[in-house]
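Where a number appears in this text, it was derived from the coordinates with a stated rule and is not lab data. Quick caveat: nothing in here was measured; it's all calculated off a predicted structure. Every residue, glycine as well, gets a Cβ built from its backbone with ideal geometry; the counts of neighbours run over all protein chains shown.
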Amino acid sequence: MKLYNTLTRKKEEFVPIQEGKVSMYVCGPTVYNDIHIGNARPMIMFDTVRRYFEYKGYDVTYVSNFTDVDDKIIKKAIEEGVSCQDITERYIKSVKEDMDAMNVKEATYHPKATEEIDGMIEMIQTLIDKGHAYEKNGTVYYRTRSFPEYGKLSKKNIDDLEAGHRDIKVSGEEEKEDFLDFVLWKPKKEGEPAWKSPWSEGRPGWHIECSVMSKKYLGSTIDIHAGGEDLIFPHHENEIAQSEAANGVPFAHYWLHNGFLNIDNKKMSKSKGNFFTIKEIAAQYSLQVLRFFMLSAHYRSPINFSRELMEASKNGLDRILTAVYRLQELAEKAEEKELSPEEDELLKRTAALQTKFEEAMDDDFNTADAVSAIFELVREANAQITEHSSREAVEAVLGTLEVLCDVLGLITEKQEEILDTDIEALIEERQQARKEKNFARADEIRDTLLSKGIILEDTREGVKWKRA
Ligand code: AMP
Ligand code: ZN
């Protein structure tokens with residue numbers, strides 16, 4: 001099994017640290033907003049990577065954090081006049097709903113930065129003790145030049161960084177020994193969440209979070225560290241500097257980065273405002289369609305989001321699921337009888353297509369080719385399996401299709417449709433909640449319905465709803 005390692009810029013054979021096991025850390029979202037479908041790309045693609053390792057028999061420990069202390073969270077809390085915790089709890093819940101709706105498996109551990117502060121203080125102290133960090137007026141900085149391998153992931157050269165940044169000064173950081181140094185701990189400003197530390201009452205920088213959570217849940221050296229390609233520099237470069245300087249061993253053997261999800265060939269991002277939230281897309285499509293759309297491209301390539309491609313994905317997924325449902329029905333009725341010579345051949349081709357799927361996935365998780373193998377199998381099934389087929393043949397083809405879809409996180413069980421009566425009941429409950437000024441519950445109901453593709457519209461004549 002080969003995977004492309006950003007650290008070496010090569011496809012390499014995967015060799016786990018411990019036989020049969022994979023330790024994997026994926027940088028998670030900052031929770032101050034509903035996440036957009038760009039953020040969904042690493043979630044879906046690395047969930048697929050995890051599922052494939054599991055299919056191959058590995059025992060995977062998957063860690064993905066929530067960054068729940070950050071300037072953007074503080075800003076949002078001030079805007080709304082609520083606590084940071086109110087904001088982070090609301091959006092962690094929202095992200096978890098989205099992940100569930102995209103059939104992203106729950107992580108083995110889902111740590112929150114605010115619950116790991118002790119570990120961060122400990123690692124920062126170790127870095128100070130080893131001469132890799134220093135304190136100035138309550139702020140602790142990482143001494144970047146003390147780590148000779150700085151730049152090895154992003155292939156940046158310290159001198160080039162210096163030339164590029166000579167004129168840029170970050171306000172409040174004039175006291176740094178060197179502009180390359182980055183913050184590990186910063187003192188609080190009025191009204192900000194803060195924790196006691198030997199240096200000041202304050203909070204950790206972003207990069208130290210992941211170094212600490214990865215070490216705590218997976219150990220000092222892990223197999224795979226992953227995230228979007230925008231994280232290569234500075235986030236992952238800084239994580240390496242911190243972890244390797246503190247622990248004295250390599251941080252991660254393989255670094256995997258997904259390409260961007262673009263819209264009109266520009267990166268979808270919150271700051272540019274060119275985004276769709278997952279909940280907005282869920283109002284129009286099943287999130288299985290979104291997942292299938294992501295799988296249609298290699299995870300390292302850019303992918304352009306458009307209605308046309310979503311429609312094409314919807315049709316493609318329908319084609320697969322229609323075939324699966326037909327086989328499920330046939331399997332119930334099929335007769336137990338000897339395999340015919342044609343069926344024998346069909347099962348051989350089925351096995352060959354499973355191998356083709358595996359070869360695609362073994363080649364740096366080429367999901368696009370893996371999906372093609374599934375389509376070929378669907379064509380075989382549609383052409384060869386009929387009501388006269390033997391049970392063994394139907395079950396073999398169906399079983400293979402179900403297993404391969406599951407590796408990609410595509411759900412093959414028939415989804416239960418939400419009934420009109422259930423919708424009406426929930427709308428009624430929402431109206432009641434609003435009367436009682438329980439807006440949290442009212443919003444929750446609206447979001448639950450939205451995740452099932454039901455759109456509510458508050459009109460003068462009352463609440464109207466429609467299916468997306
Ligand atoms: P953020 O909350 O911005 O830190 O992003 C969380 C994760 O989503 C990171 O791994 C980012 O690299 C990734 N990400 C953000 N925007 C995009 C995008 N447009 N395409 C792909 N990945 C993205
Ligand atoms: Zn991270």
Mind ranking 23-30, 338-345, 313-320 by how tightly packed they are, going by the mean number of other C-beta atoms within 10 angstrom, highest first? 23-30, 313-320, 338-345
Calculate for the chain the 222 nm mean residue ellipticity that helices alone would give, adding -39,500 (n - 2.57) per DSSP H run of length 4 or more and normalising by residue count, nearest 500 deg cm²/dmol. -15000 deg cm²/dmol
Kirkwood Rh over alpha-carbon pairs of the stretch 299-359 plugged into Stokes-Einstein at 37 °C, 0.692 mPa s gives a D in µm²/s of 219
Ratio of the chain's C-alpha Rg to 2.2 N^0.38 Å, to two decimals? 1.11
Could you work out the relative contact order of the stretch 111-160, using alpha carbon pairs under 8 angstrom and six or more residues apart, expressed as a whole percent? 18
Counting all Cα-Cα pairs in the stretch 416-460, those more than 11 Å apart amount in percent to 65
Where the centroid of each part is defined by its Cα atoms, how far is the stretch 370-390 from the stretch 44-118 in Å? 38
Let me have the relative contact order for the stretch 114-224, percent, based on Cα pairs under 8 Å that are six or more residues apart. 29
Let me check against my output: what whole-number percent is the relative contact order of the chain, with C-alpha pairs under 8 Å and at least 6 apart? 17
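Once the piece of chain linking Lys337 and Arg379 is laid out straight, how much longer is it, given 0.36 nm per residue of separation minus the C-alpha distance between them?
That works out to 12.8 nm of additional length.
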State log₁₀ I(q)/I(0) for the stretch 258-407 at q = 0.09, 0.12, 0.14, 0.21 Å⁻¹ as given by the Debye formula over alpha-carbon point scatterers of equal weight, solvent excluded. -0.36, -0.58, -0.74, -1.25
How long are the semi-axes of the ellipsoid equivalent to the stretch 384-468, from square roots of 5 times the Cα gyration tensor eigenvalues, in whole Å, largest first? 42, 14, 10
In vacuum, with every alpha carbon of the stretch 332-415 counted as one equal point scatterer, what does the Debye formula give for log10 I(q)/I(0) at q = 0.16, 0.17, 0.25, 0.26 Å⁻¹? Two decimals, please. -0.61, -0.68, -1.21, -1.27
Among rounded, prolate and oblate, which fits the stretch 187-244 when a ≥ b ≥ c are the square roots of the eigenvalues of its C-alpha gyration tensor, a/c under 1.5 means rounded, and a/b larger than b/c means prolate? prolate
So the FRET efficiency between Asn137 and Lys464, C-beta based with R0 = 45 Å and rounded to 0.05, is 0.20
What length, rounded to one decimal in nm, is gained on full extension from Leu309 through to Asp420, with 0.36 nm per residue of separation minus their alpha-carbon distance? 37.0 nm
Quickly rank 45-55, 69-79 as a protection proxy: mean count of other C-beta atoms within 10 Å, highest first. 45-55, 69-79
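Taking a ≥ b ≥ c as the square roots of the eigenvalues of the Cα gyration tensor of the stretch 1-136, is the shape rounded (a/c under 1.5), prolate (a/b larger than b/c) or oblate?
Oblate, since a/c reaches 1.5 and b/c is not below a/b.
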Between Glu122 and Lys10, take the C-beta separation as r, use R0 = 22 Å, and let me know the FRET efficiency to the nearest 0.05. 0.05
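Once the Cα gyration tensor of the stretch 153-307 is found, what semi-axes does its equivalent ellipsoid get, as square roots of 5 times the eigenvalues, in whole Å, sorted largest first? Display every interim value, and only then the final one.
Values: eigenvalues 211, 84, 73 Å².
Whole-Å semi-axes of the equivalent ellipsoid: 32, 20, 19.
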What the 5 Å binned alpha carbon P(r) of the stretch 255-318 shows, as percent of pairs per bin from 0, is 4, 17, 26, 28, 18, 6, 1
Ranked from highest to lowest mean number of other Cβ atoms within 10 Å per residue, what is the order of the peptides 219-228, 235-244, 303-312, 261-270? 235-244, 219-228, 261-270, 303-312
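Quick check: net charge around Arg379, other residues with Cβ under 11 Å of its Cβ, Lys/Arg +1 and Asp/Glu -1?
0
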